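Some notes on the structure that comes next.
None of the figures in this text is laboratory data; all of them are computed from the coordinates on show. Just so it is clear, the model here is predicted, and its values are computed rather than measured. Cβ sites come from the backbone with ideal geometry, for glycine too, and all protein chains shown count toward neighbours.
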Protein chains: 2
Amino acid sequence: MIGSTGHVGYVLQDVPYSNVDIVGVSPGSDGEGIDGLYSKVKEFSPRCQVFTDYHSMLDELRPDLVVVACQFGDLAQVIIEALSRNIHVFAEKPMALTLEELIGVRQAYSEAKVHLAAMFGIRYHPSFLTAWEQVRNGKIGYVRLISAQKSYKLGDRPAFFRKRETCGGTIPWVGIHAVDWVHWFSGERFVSVFASHSRLCNQGHGDLEVAASCHFTLTNEVAASITIDYFRPESALSHDDDRLRVVGTDGIIEVKDGHVYLLNADNDGQESLPFVAERGIFADFVAQIRGLGQCLVSAEDSFYAARAALLARQSADENRLLYFD
Amino acid sequence: MIGSTGHVGYVLQDVPYSNVDIVGVSPGSDGEGIDGLYSKVKEFSPRCQVFTDYHSMLDELRPDLVVVACQFGDLAQVIIEALSRNIHVFAEKPMALTLEELIGVRQAYSEAKVHLAAMFGIRYHPSFLTAWEQVRNGKIGYVRLISAQKSYKLGDRPAFFRKRETCGGTIPWVGIHAVDWVHWFSGERFVSVFASHSRLCNQGHGDLEVAASCHFTLTNEVAASITIDYFRPESALSHDDDRLRVVGTDGIIEVKDGHVYLLNADNDGQESLPFVAERGIFADFVAQIRGLGQCLVSAEDSFYAARAALLARQSADENRLLYFD
């Protein structure tokens, strides 16, 4: 495991069910503390070693799989190091902070014979997975329109969040989940994006955008609106308020407050649907490597959402409509 | 009253409290039936006369005020006829279906010494009015981001809905309410719009767009996302599903299902706020004419929302970012 900044919880919660041994941990970014991560890891992997340099760790341990969860600005180079050693990669998103870096990651992936998935763990939340199964089973007909929301508490974010070079921006870090939902639920390809974002009123967080809005058009004239904000009051009961609304020709499905509401000829949308069986993203990824299953997040999905989020950020930076090719 | 196609209910419900006498009704569009309207009007205005030609009615009766609610493609010319006779106008929105027509209406208004308001009656729904008062009273701080939703049942719409020339399109007819909310709640001016819309899967409704999405940027880097659809299932409990979410520096307020939810340091957003006292848009407009009050919808607001909706439609038609001047 390289880095402890990202969502290492996805790994830690699935390790007991995945028959894996965590053999080493190291920082992936300058000054990144890993004591907290190590103290959790050694509970189920007592032989785990601590390294200060991840290159040495990879060369010495030659692991089958590496988890990359360092600071966002270092993700691309760490992922490339792992891929160049033919190691499977489970990585924090976005896997790169610039389109150029992303091309480099993709190139390294195409030359390796490994599996790769980005941490789009919200796909695995029972509410999102249940809603997706409903859409896939035709319960809302053809998807025509999507709106999605990401709303977080800002709190007091560490220094690397406050610089564009080290954080990447709010659309790639927070909005990317909603970008991924749009693609995943619709099954369509992105055609264009117009986005805007603002740093105003960011409570001293430097470059960090605290509000953003993205308008994607997709194939078959599907449109998607995404709003992203860091203005969720500190007093709110939860950190985040993720929402998704997918409008189809035969119904409308929504994810809100961790529940799923379906409105169609057979459902009045008043009661939350029962959830499908729970799955874990890391457990699924490990199963895929072993040829025993299929992770819901493919390498292609991981690259596609990253590229879309980075294009959306560029649209907002340059205030113009951008096309996908 | 000219025409019975639009929201004449705003007038009929307020007449008993407005000390007005409805002296005449006539169609405003070819073939527009007004029997149903007349039968309701004569209950409280028994002397009301029926005309077949609104020009004759205006010339003969010389009313103080005219209500214009004909088919959408005829609104502009009827409004101009009324304004040119110095008659106050309470009119269906959008007051024109093209930017050129809108300039004509505005010119006629500027030359008359009368009041004018468009039927932005949703402002007067207790939920929207309550939410607006909260924002105006600083309960969410500075507005930073808005998302709004209009979702209607399609049903089987009359023929004039199926042609762009006679209907104007879904952004100007349905979306305009949300456009108005964005301006009204934020207090900001529109800077740019990118929009998209689609006629696919419109159940034989010709030109009618059944899905649309608008992305407005406003002064002070405020952004607003609006989604509009006609895909609300016929089985749904209500015709419409109007929603508004306004994100501010100190809180977030939402209108949903006719309720208002406020999340800030003092409110956990779980319970609907009590409503402010009810007011009627037509009663308010009449009071304004009498110098006894102020309608929440000004002539300026009416023109501004119409122009913004027409620019959004143009953006969607031409698939490009458009700027307000």
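Taking the fewest neighbouring Cβ atoms within 10 Å as the starting point, the ordered list for A:Arg106, A:Arg162 is A:Arg162, A:Arg106.
Averaged over the residues of peptide B:132-145, the number of Cβ atoms from other protein chains lying within 10 Å of each residue's Cβ is 2. Across the stretch B:295-308, coupling constants 3J(HN,Hα) worked out from phi with the 6.51/-1.76/1.60 Karplus curve, θ = phi - 60°, read 5, 5, 9, 8, 4, 4, 4, 5, 5, 5, 5, 4, 5, 5 Hz, and Gly and Pro carry x. For B:Gly269, the residues 5 or more places off, or on other chains, whose built amide H falls under 5 Å of its own are B:Leu262, B:Asn264. Compared with the dominant principal axis of the Cα atoms in chain B, helix B:126-136 is inclined by about 60°. Normalised by the number of residues in the stretch A:157-307, the mean separation of alpha-carbon contacts (under 8 Å, six or more apart) gives a relative contact order of 15 percent.
Comparing A:Cys295, A:Cys70, A:Cys214 in a Gaussian network model of chain A, where Cα atoms under 10 Å apart are tied by springs, the biggest mean-square fluctuation is seen for A:Cys295. Annotation for B:Thr219, label-to-label distances across the other copies: 4.4 nm (shortest first, one decimal, point 7 Å from Cα along Cα→Cβ). Here is how far apart the A:Asp268 label points are across copies: 2.8 nm, shortest first, using a point 7 Å from Cα toward Cβ. Most tightly packed first, judged by the mean number of other beta-carbon atoms within 10 Å of their residues, the peptides A:242-249, B:17-24 read A:242-249, B:17-24. Mean sequence separation of contacting Cα pairs (under 8 Å, at least six apart), scaled by the length of the stretch B:9-114, corresponds to a relative contact order of 22 percent. If you run the Gaussian network model on chain B, springs between alpha carbon atoms under 10 Å, then out of B:Leu75, B:Leu12, B:Leu65 the most flexible one is B:Leu12. The stretch A:239-282 and the stretch A:153-215 have Cα centres spaced 24 Å apart. Mean partner shielding of peptide A:192-199, defined as the number of other chain Cβ atoms within 10 Å of each residue Cβ, is 5.
Summing +1 for each Lys or Arg and -1 for each Asp or Glu among the other residues whose beta-carbon sits under 11 angstrom from that of B:Cys295 gives 0. Here's how it looks for A:Lys153: its modeled amide H is under 5 Å from those of A:Arg232, which are all 5 or more places away or on a different chain. Within 10 Å of the Cβ of each residue in A:216-228, the mean number of Cβ atoms contributed by other protein chains is 5.
Sorted fewest first by neighbouring Cβ atoms within 10 angstrom, B:Phe194, B:Phe303, A:Phe216 come out as B:Phe303, B:Phe194, A:Phe216. Summarised in one figure, the compactness ratio Rg/Rh of the stretch A:221-281, Cα atoms and Kirkwood Rh, is 1.02.
Semi-axis lengths, largest first, of the ellipsoid equivalent to the stretch B:168-246 are 25, 15, 9 Å, with √(5λ) applied to each eigenvalue of the Cα gyration tensor. Calculated on the Cα set of the stretch A:238-325, radius of gyration then Dmax: 17.8, 46 Å. Legend: translational diffusion of the stretch A:9-114 by Stokes-Einstein, Rh = Kirkwood radius over C-alpha pairs, 10 °C, 1.306 mPa s; D = 112 µm²/s. Check cross-link reach from A:Lys42 to the aspartates and glutamates: straight Cα distance under 17 Å, and skip same-chain residues fewer than eight apart. List returned: A:Asp14, A:Asp21. Helix B:99-111 and the longest principal axis of the Cα set of chain B meet at an angle near 70°. Remark on chain B: Rg and Dmax equal 19.5, 60 Å (Cα only). Comment: the Cα-to-Cβ extended label point of A:Tyr323, at 7 Å, lies 2.2 nm from its counterparts in the other copies, nearest first.
Summary value for chain A: 20 percent relative contact order, contacts being C-alpha pairs under 8 angstrom separated by 6+ residues. 3J(HN,Hα) along the stretch B:27-35, derived from phi through the Karplus expression 6.51 cos²θ - 1.76 cosθ + 1.60 where θ = phi - 60°, amounts to x, x, 10, 4, x, 6, x, 10, 4 Hz, with x in place of Gly and Pro. Rounded to the nearest 10 degrees, the angle from helix A:75-84 to the longest Cα principal axis of chain A is 60 degrees. Between the amide H of A:Asp250 and those of A:Gly141, A:Tyr142, distances stay under 5 Å, these residues lying 5 or more places away or on another chain, with hydrogens modeled in the peptide plane. When the Cα convex hull of the stretch A:93-216 is projected onto planes of every orientation, the mean area is 9.5 nm². Listed cross-link partners A:Lys93/A:Lys163; A:Lys139/B:Lys153; B:Lys93/B:Lys256; B:Lys153/B:Lys256; A:Lys93/B:Lys256 are compared with a 26 Å cut-off, the Cα-Cα value being larger for A:Lys93/B:Lys256. Rounded to two decimals, the Cα-based Rg/Rh of the protein assembly as shown, with Kirkwood Rh, is 1.05. Once you order the gyration tensor axes a ≥ b ≥ c over the Cα atoms, which shape class does the stretch B:106-177 get: rounded for a/c under 1.5, otherwise prolate or oblate by comparing a/b with b/c? It is oblate, given that a/c is not under 1.5 and a/b is not larger than b/c. From most to least packed by mean Cβ count within 10 Å, the peptides B:310-323, A:264-277 give B:310-323, A:264-277.
With all pairs of separate Cα atoms included, the stretch A:158-297 yields a Kirkwood hydrodynamic radius of 17.7 Å.
Here the residues A:Val89, A:Val260, ranked from fewest to most Cβ neighbours within 10 Å of their Cβ, fall in the order A:Val260, A:Val89.
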